[in-house]
Each structure stands twice: as C-alpha cells, then as structure tokens.
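The values are calculated or read from the model by the stated rules, or taken from the named source; none is laboratory data. A quick note: this is a predicted structure, and the numbers were derived from the prediction, not measured. Neighbour counts run over all protein chains shown; Cβ positions are idealised from the backbone, glycine included. What goes into the accessible areas is simple: the full protein's heavy atoms, side chains included, and nothing from ligands, DNA or RNA. Shrake-Rupley method; radii C 1.70, N 1.55, O 1.52, S 1.80 Å.
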Amino acid sequence: MRRQSRQIFLGATPIGGDAPISVQSMCNTDTKDVEATVSQILDLEEAGCDIIRLAVNSLEDAKALPKIRDRIHIPIISDIQFDYKLALYAIDHGTEGLRLNPGNIGADWKVKEVVGACKREGVPIRVGVNSGSIKQAFLDKYQGVNENSICYSALEQVRLLEKEGFYDIKVALKSSDVGLSVASYRKFAQMTDYPLHLGITEAGPLYAGTVKSAIGIGSLLLEGIGDTLRCSLSADPVEEVKLGREILKSLGLLKDGIEIVSCPTCARTKIDLFGLVEEAQKRLGPDLGNLKIAIMGCVVNGPGEAREADYGITGGEGQGVIFKKGQIVDKVPEEDLLETLIERIKKDQHESLK
C-alpha cells in the first residue's frame with residue numbers, strides 16, 4: 001500500500017497523492033550557458049527525465065532560466081543557496097519549483113517575501129537535509145548523525161514555511177549511508193503527509209552508486225514510501241535517469257517501453273546471448289509499445305522460464321526461435337532473430353487493431 005501523501009504540482013506535473021512516481025536529475029552544466037544546458041536537458045528528456053533541477057548561483061544563472069524554459073518540455077526546479085533575491089527572480093521568470101531551505105536565507109522578512117512569491121505563482125518548495133548539513137543543535141540533542149537528528153532538522157525547515165501559511169512542500173532526507181537514509185525516510189513518512197523526494201546522496205560512481213541507489217530507493221518504494229526520486233551518481237546525468245526508470249520498472253511502478261529480461265548464461269548456452277542483449281537494447285525501442293522481452297540462452301528451458309514475457313528469443317548452433325507467452329511461434333537463423341522478432345511484434349499489433 002502506497003503512503004498517502006498530499007499532492008503538489010510542479011507546473012502541470014503532479015507530485016504525491018496518486019500521481020506516478022517521477023524521475024528527476026540535475027544538470028552539471030553552467031546554468032548561464034544556455035546552449036549547453038538546453039542540450040543536456042533535451043538528452044535527459046529523451047532518456048525519460050520528468051523533472052530537471054538547475055543550480056542558480058548568480059543573477060546570470062537566474063536570467064538564463066526563461067531562455068532555457070522556452071526550449072524544454074519538463075519542469076525546472078531552481079536550486080537556491082542563501083540568496084533570497086535569486087529565489088524571487090527565479091519565481092518571477094519561469095521556474096516551476098524551488099530547492100531551498102528557508103533557514104538558510106536569513107531574516108524572517110526574507111522568508112516571507114519568498115513564500116509570498118511562491119504562493120502568488122504556485123511554486124512549491126523542496127526542503128530537506130542530508131547527513132552532512134544537520135543543524136548543530138539537533139546533532140547535540142540527538143547525539144550525532146542519525147534518523148532523529150536528520151528528521152527533526154528537516155522538520156524545522158518545514159515548520160518555518162508552515163508558519164507563513166505555506167504547505168506546497170516536498171521533503172528530502174538523504175545520506176550516503178543506505179541504512180540511515182531508509183531509516184530517516186521511514187521515520188519522516190510517519191511524522192507528516194508531505195510528499196517525499198527519495199535519493200541516496202553522493203552514492204558514488206556508476207556501478208557502486210547503482211547498487212546503493214537500487215537498494216535504498218527500491219526498499220522504500222517497496223514499502224510504499226516515495227513520490228519522486230533522483231539517483232545521485234558520479235556519472236552522466238542520463239545514467240541517473242536510466243537507473244531511476246529501471247528501478248521503477250523492476251518494481252512494476254512504471255510500464256513504459258521495452259523491458260528486457262535475460263538469463264545469466266550457463267554451460268547450456270549455445271547462442272551469442274550477450275551480443276543479442278546488447279543489440280536488442282539498441283533496436284527495441286518504445287515505438288514497439290510497453291512489452292516485456294525475454295532473451296534466453298537455452299532452447300530447452302528458455303521459453304518455459306520466460307513464459308510470463310510477452311515475447312522472447314533464444315536458440316543455439318546458428319538457429320533461433322521466437323516465442324510468445326512461452327509458446328514457440330517462429331524458427332529462423334540466429335542472425336535473423338531480432339529482425340524477425342520486430343516484424344512479429346508489429347504484425348501482431350496490426351492484427352489486434354483490426
């Protein structure tokens with residue numbers, strides 16, 4: 001059962017409630033470099049990114065926002081540190097969301113100005129902490145870095161916004177420690193009904209970061225916790241989006257495009273399985289619909305083991321078979337497997353429309 005969080009909107013994109021879980025990333029370009037930033041966002045959109053965050057460190061960055069906004073198709077979250085004037089400029093020039101902790105921007109009147117502008121323009125605010133940014137008072141009170149100090153430090157930021165009558169909030173509680181991140185999100189999920197932005201911060205390089213993100217984010221999603229996510233990797237941001245979508249697909253929370261399942265190979269494998277998988281990833285695109293495709297290494301067991309897939313291929317000794325729901329429907333030379341599979345899928349789709 002999914003946790004029932006309140007719903008907010010980034011532009012037309014809903015977060016929380018019964019909305020689909022969205023995948024975010026953050027540009028690593030210089031925001032004021034409009035061409036580079038737009039180019040990266042368009043690549044991220046093609047990979048399936050739902051929301052993009054941009055660092056706004058200067059007025060030049062803020063002035064670039066409307067130019068970027070006009071050329072992309074997903075909501076922008078402006079990441080603001082300390083300078084409330086940058087937040088005000090971003091709100092008035094096209095940002096759909098803010099990443100900002102009100103406690104970092106100074107006097108109460110500055111918070112009031114930012115909140116007033118957000119109310120006027122319908123711009124939500126994401127607040128939160130990571131294990132390296134906990135307020136000292138909470139470190140002292142709760143004896144160090146733990147789920148209590150993380151959650152209550154984040155709750156203080158929430159209360160500053162609530163004090164101004166503002167409730168369009170989502171919250172992140174991140175650590176590079178998987179167990180601590182999971183414990184923090186679990187605790188905060190019971191403390192409020194605000195939508196939660198999931199992530200393992202500083203997860204690391206692609207391989208290690210994939211493992212940590214999949215375990216941490218996946219564990220929470222299995223418990224029904226989480227409304228939007230980012231996989232923070234030391235890699236091309238496109239990899240973050242691909243990983244986030246694969247996590248959602250693996251849990252049945254996203255059915256969009258082709259899902260490939262394949263066996264790990266064994267001594268019975270008599271087909272170029274790794275080559276087929278690599279080629280399939282290139283050729284089986286979302287234009288074929290939302291399908292599960294199995295690529296198996298064994299003619300004897302492959303079709304049966306993958307009977308829940310919509311289609312599958314396997315073979316050996318230069319020959320291949322195509323199966324549908326576990327039943328063999330075509331036998332072709334191995335080199336023709338993918339082409340014949342694509343033709344079969346398109347033929348079946350055409351027949352279903354008659």
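Some observations on this one:
- Selection from region 182-210 of residues that are at pLDDT 95 or above and under 20 Å from Gly144 (Cβ atoms): Val182, Ala183, Ser184, Tyr185, Arg186, Lys187, Phe188, Met191
- Some residue of region 221-234 being within 26 Å of Thr314 (Cα to Cα), open to solvent by 10 Å² or more (accessible area, probe 1.4 Å), among the charged types (D, E, K, R) and in contact (Cβ under 8 Å) with a residue 60 or more places away in the chain: no
- Residue match in region 177-189 (condition: hydroxyl-bearing (Ser, Thr, Tyr) and not in a helix (DSSP H, G or I)): no
- Scan of region 116-175 for residues that are of a type in the set (A, V, I, L, M, F, W, C), open to solvent by less than 60 Å² (accessible area, probe 1.4 Å), part of a loop (DSSP other than H, G, I, E, B) and modelled with pLDDT under 95, ordered by number: Ile134
- Within region 275-297, the set of residues being part of a loop (DSSP other than H, G, I, E, B) and either in contact with a helix residue (DSSP H, G or I) (Cβ under 8 Å, 6 or more places away or on another chain) or at pLDDT 80 or above (or both) comprises Leu284, Gly289, Asn290, Met296, Gly297.
- Hits in region 229-274 (condition: outside any loop (DSSP other than H, G, I, E, B), at pLDDT below 90 and closer than 14 Å to Pro286 by Cβ): Ile258, Glu259, Ile260
- Pairing each residue of region 41-59 that is under 17 Å from His93 (Cβ atoms) with any residue that is open to solvent by less than 50 Å² (accessible area, probe 1.4 Å) and basic (Lys, Arg), provided the two are 6+ apart or on different chains, yields C-beta distances under 7 Å for Arg53/Arg99.
- For region 71-81, filtering for residues that are at pLDDT 95 or above and open to solvent by 30 Å² or more (accessible area, probe 1.4 Å) leaves 2.
- Gly218 assigned to a loop (DSSP other than H, G, I, E, B), out of contact with any Cys (no Cβ under 9 Å at 6 or more places or on another chain) and over 26 Å from Thr37 (Cα atoms): no
- The set of residues from region 317-348 being touching a helix residue (DSSP H, G or I) at 6+ places or on another chain (Cβ under 8 Å) and either loosely packed, with under 13 Cβ neighbours inside 10 Å or of a type outside the set (Val, Ile, Thr) (or both) comprises Gly318, Gln319, Gly320, Phe323, Lys324, Gly326, Gln327, Asp330, Leu337, Leu338, Lys346.
- Of all residues in region 82-95, none are in contact with a Lys or Arg (Cβ under 7 Å, 6 or more places away or on another chain), over 21 Å from Leu10 (Cα atoms) and either open to solvent by 60 Å² or more (accessible area, probe 1.4 Å) or at pLDDT below 95 (or both).
- When Pro264, Pro286 are screened for being out of contact with any strand residue (DSSP E or B) (no Cβ under 9 Å at 6 or more places or on another chain), within 30 Å of Leu222 (Cβ to Cβ) and open to solvent by 20 Å² or more (accessible area, probe 1.4 Å), only Pro264 passes.
- Condition met for Gly204 (assigned to a loop (DSSP other than H, G, I, E, B) and free of Cβ contacts under 8 Å to residues at least 40 places away in the same chain): yes
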